[in-house]
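Here the structure is laid out as structure tokens; the discussion comes afterwards.
What follows is calculated from the coordinates using simple rules that are stated; it is not laboratory data. Only a predicted model underlies this, so the values are computations on that prediction, with no experimental measurement involved. Ideal geometry is used to build each Cβ from the backbone, glycine not excepted, and the neighbour counts take in all protein chains shown.
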Amino acid sequence: MRRYFKKRTVISVPVTKAMTEGMCYSNVRQLVAEHGGKPIWGWRLDQVGTAFMEAMHHAIWEDPSGGLHDVTPISSGKKLDNILFARDFETRVTPYDPGVPSKFLALRQSASVNEWIELNRTRMKIMREALDIMLSKRHVVLSNGSIGLREPPSVELMNRLKTIEELRIRSGPVWNMMEAEC
């Protein structure tokens, strides 16, 4: 991970509020609108067992007094007191989820670890393509940062969404193999 974060300070940020899972950008925007403060964009750093590390683009909330808070629960359902976070000064975040792909680092050489990482890199690339399609003139960004459709989804978009779901399903058994190797 050092190659991605050579000049960044990694800090521990307390998990203080459980808002909508997986919606960090809109959760933080909501808190800023309701309570003030500002969004802080960066990378949430997680180690997944002995298999790999993931840096996921993430938003945390800086409250009006300068306190930092992670308000978005993770999908694994794990209860955490703190997360590791590295601020991102390069990525331009717009009014919608920017769709920044995660960065992965395999911690051990394993076919299943490498396959899982590659499946998820591909899934994230296609998710970004789907987001670009949805942001075309046929779609609109809603106030919460999600995407609304002005007309029925295009065949191109539906094909991308189908591929994303297929990759998600394929990664499940690979995840199980990877865990069994630990």
Study note, to complete from the structure: Taking 0.36 nm per residue of separation between Ser154 and Arg92 and subtracting their Cα-Cα distance, the length gained on full extension comes to 19.6 nm
Practice item. Quote the FRET efficiency, to the nearest 0.05, computed for Asp81 versus Asn176 with a Förster distance R0 of 30 Å and r equal to the Cβ-Cβ distance. Key: 0.60
Check your understanding: Ordered by packing density, taken as the mean number of other Cβ atoms within 10 Å over each peptide's residues, highest first, how do 54-66, 13-25, 163-175 rank?
Key -> 54-66, 13-25, 163-175
Review point. Mind listing the phi-derived Karplus ³J(HN,Hα) values for region 115-126, rounded to whole Hz, using 6.51, -1.76 and 1.60 with θ = phi - 60°, and x for any glycine or proline?
Key: 5, 4, 4, 5, 4, 6, 4, 5, 4, 5, 5, 5
Review point. Arg121 to Ala33: FRET efficiency via 1/(1 + (r/R0)^6), r the Cβ-Cβ distance, R0 25 Å, to the nearest 0.05?
Key: 0.15
